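Here the structure comes first, spelled out in structure tokens, and everything after it is commentary.
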Amino acid sequence: MAAILQAKDAEEWTYRGEGAVNLVLAYCGSSPHFVGKVLRIQKVPNDRHECENGHSALNNHESLLWGKFEGIVSAPTKEIVEHVYVQKVMCPLLGSEHVDAGIHVLVSRDFLEAVDNKVLCQRPSWRVDAARVNPLRDSVLLIADHSVFPHVSGSLKEDFCVSVEIKPKGGFLPTSEFIAEENAVKKRITRFKMHQALKLHQGKISQISQYDPLDLFSGSKDRIQRAFKALCLTPQNNFRIFLNGSIIFGGMGGTADNTSSAVAQSFHDGLKHVILAKDGMHIKCLVDLLTETIFKSGLLNRLLEVQKLDAIDIEGAIHAYYDIISQPCVVCRKIGGKRFSARYSSIHSMPRDDKVKIVRDYLISATAKDLSMMISFKSKINMDEESPHRAVFLEASKQTFCYKASFIDLDMKPLKKMEYYYQLDQQIVNYYVQMLKDRDVLDCDEPTQESLNACTSVKHGEMTN
């Protein structure tokens with residue numbers, strides 16, 4: 001696609017949402033090249049004085065890490081590195097039928113600045129405070145809009161389509177021997193649950209989510225259903241629903257802590273266009289439809305395999321990282337003592353290639369733990385007979401739906417982020433362990449949502465008084 005998007009073209013793109021790294025815009029114009037597509041535009045933190053233009057590829061340590069994958073090291077820019085990463089690394093792992101690497105579209109600085117100005121009032125204020133569109137990028141990523149079903153001709157049918165965006169998070173408990181004894185809670189409480197406690201304490205959320213990633217990945221229909229019910233109650237940034245590409249439930253690039261009655265009614269009204277059910281039963285039917293799809297499709301089995309590439313936890317991988325970058329191990333120096341040195345000496349004495357694999361696998365796993373999954377449904381009676389999409393039957397409404405599933409937000413994690421991952425991990429587990437020590441104040445055996453809320457309030461009061 002040789003044309004370069006200019007400032008005037010910004011009018012044909014609307015704000016869809018955003019994550020920590022990218023802004024997502026949906027196309028609302030009539031060009032056949034863009035109908036049914038979205039743009040992913042990279043952001044840059046506001047506290048960074050200079051923007052990156054993408055014209056710096058991998059450093060020597062990163063080249064060592066990704067050298068086994070054709071095209072990554074030789075890529076001339078970071079933009080192309082990230083694109084090849086999806087093609088060569090994530091696509092084979094997750095399945096080409098569920099991954100769209102997209103294509104790069106050239107853009108002008110005027111286009112990026114026009115987009116930044118246009119969407120400013122639609123973005124959550126805390127996202128605006130944190131980052132802006134990077135105006136120095138030469139190109140942006142054009143991918144399929146996974147919230148709609150494309151027609152074979154390339155245009156979009158008018159029939160109704162409901163799509164669900166899920167951020168599953170980590171679906172297993174670590175068992176690594178390198179997890180410190182004082183952090184053993186990690187082996188029985190999910191990272192998601194522990195992080196919720198810290199976020200509540202920090203004021204980033206107003207209540208603890210009941211969602212448990214282990215339920216979603218369990219393979220048990222009852223537990224999968226429980227996971228979706230919890231996501232409906234407290235979607236935060238883990239659950240969003242679209243009707244024909246327009247959001248009808250969940251946060252717009254931010255978080256939606258809970259579901260109000262007004263939101264639930266609007267959500268219910270939107271579902272009436274897709275699901276044939278008695279009044280008051282549409283949300284339950286959607287939960288059943290999602291449960292049946294996840295249960296029968298095995299969609300999360302492959303994702304879980306990729307997540308489990310993190311075999312020794314960040315508490316083990318961080319030691320391999322410092323050896324790769326040829327720096328003294330900060331963690332060993334901080335921990336000190338012969339007993340701890342012996343525990344991690346097996347990692348430090350490994351051949352270099354083994355340490356490279358540990359860190360590479362950890363970063364790939366980090367992508368898999370942080371991605372989102374889009375599942376789109378359309379009534380089969382509105383689909384072409386030759387539709388290649390799989391079908392699922394919803395017993396409650398006696399409807400058959402075609403569905404397509406895609407993994408999105410497959411960003412390559414920078415090598416230097418290993419230190420951040422370790423620091424965040426320790427911050428999360430340290431806070432949760434302290435909460436467990438304080439639970440006697442609340443007279444409870446295991447922290448519940450209510451006790452976590454109460455304990456956080458107590459600790460916050462101690463800090464401010």
*When the Cα centres of the stretch 160-239 and the stretch 1-38 are compared, how far apart do they sit, in Å?*
32 Å
*When a/c is below 1.5 the answer is rounded, else prolate if a/b is larger than b/c, else oblate, so apply that to the stretch 23-136 with a ≥ b ≥ c taken from the square roots of the Cα gyration tensor eigenvalues.*
oblate
*Mind giving me the FRET efficiency for Ser297 and Glu12? R0 is 41 Å, r the Cβ-Cβ distance, nearest 0.05 is fine.*
0.75
*Carbon plus sulfur fraction of accessible area for the stretch 9-115, probe 1.4 Å, in percent*: 49 percent
*Prolate/oblate/rounded call for the stretch 358-421, Cα gyration tensor, a/c under 1.5 rounded*: prolate
*May I ask for the net charge around Gly316, where only other residues with Cβ less than 10 Å from the Cβ of Gly316 are counted and Lys, Arg are +1 while Asp, Glu are -1?*
-3
*Calculated FRET efficiency, Lys68 and Met350, Cβ-Cβ r, R0 22 Å, to nearest 0.05?*
0.80
*Could you run the Karplus curve 6.51 cos²θ - 1.76 cosθ + 1.60 with θ = phi - 60° over the stretch 207-222 and give me ³J(HN,Hα) per residue in whole Hz, x for Gly and Pro?*
7, 6, 6, 7, 5, 10, x, 4, 5, 5, 8, 6, x, 9, 4, 5
*Would you mind checking which residues have amide H under 5 Å from Lys404's amide H? H placed 1.01 Å from N; only 5 or more apart, or other chain.*
Ser376
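Mind listing which GluC sites (Glu not before Pro) in the stretch 96-191 are in a DSSP loop and have 16 or fewer other Cβ atoms within 10 Å?
Here the sparse-neighbourhood loop sites are Glu158, Glu177.
Assuming R0 = 35 Å, what is the FRET efficiency of Asn60 and Ala3, from their Cβ-Cβ distance, to the nearest 0.05?
Using R0 = 35 Å, I get an efficiency of 0.45.
Just subtract the alpha-carbon distance of Lys437 and Lys88 from 0.36 nm times their residue separation and send over the number in nm, one decimal.
121.0 nm
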_Per-residue ³J(HN,Hα) for the stretch 351-368, Karplus 6.51 cos²θ - 1.76 cosθ + 1.60, θ = phi - 60°, Hz, x for Gly and Pro_ = x, 4, 4, 5, 5, 4, 5, 4, 6, 4, 5, 5, 5, 5, 4, 4, 4, 5
*Which pairs in the list Lys284/Lys378; Lys8/Lys167; Lys308/Lys437; Lys199/Lys369; Lys43/Lys334 are over 28 Å apart, alpha-carbon to alpha-carbon?*
Lys8/Lys167; Lys308/Lys437; Lys43/Lys334
*Considering amide H positions built from the backbone, and no H for Pro or chain starts, which residues 5 or more places from Phe249, or on another chain, come under 5 Å of its amide H?*
Ile241
*Sequence-distant or interchain residues sharing an amide H contact under 5 Å with Cys161, placed H: which?*
Asn244
*Across the stretch 75-87, in residue order, what do the Karplus-derived ³J(HN,Hα) couplings come to in whole Hz, using 6.51 cos²θ - 1.76 cosθ + 1.60 with θ = phi - 60° and x for Gly and Pro?*
4, x, 9, 5, 4, 6, 4, 5, 5, 5, 4, 5, 5
*Which whole-number value in Å² is the accessible area per residue of the stretch 197-240, probe 1.4 Å?*
39 Å²
_Could you check the spin-label model distance between Leu173 and Arg390? Points 7 Å from the Cα along Cα→Cβ, value in nm._
2.8 nm
*Using 0.36 nm per residue, how much length does the chain from Lys308 to Met281 gain when fully extended, once their Cα-Cα distance is taken away?*
6.0 nm
_Within the stretch 290-403, what whole-number % of the accessible surface is contributed by carbon and sulfur, with the 1.4 Å probe and all protein chains included in the calculation?_
52 percent
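The values are calculated or read from the model by the stated rules, or taken from the named source; none is laboratory data. Quick caveat: nothing in here was measured; it's all calculated off a predicted structure. Every residue, glycine as well, gets a Cβ built from its backbone with ideal geometry; the counts of neighbours run over all protein chains shown. Areas reflect the complete protein model, heavy atoms only, side chains present, ligands, DNA and RNA absent. Shrake-Rupley method; radii C 1.70, N 1.55, O 1.52, S 1.80 Å.
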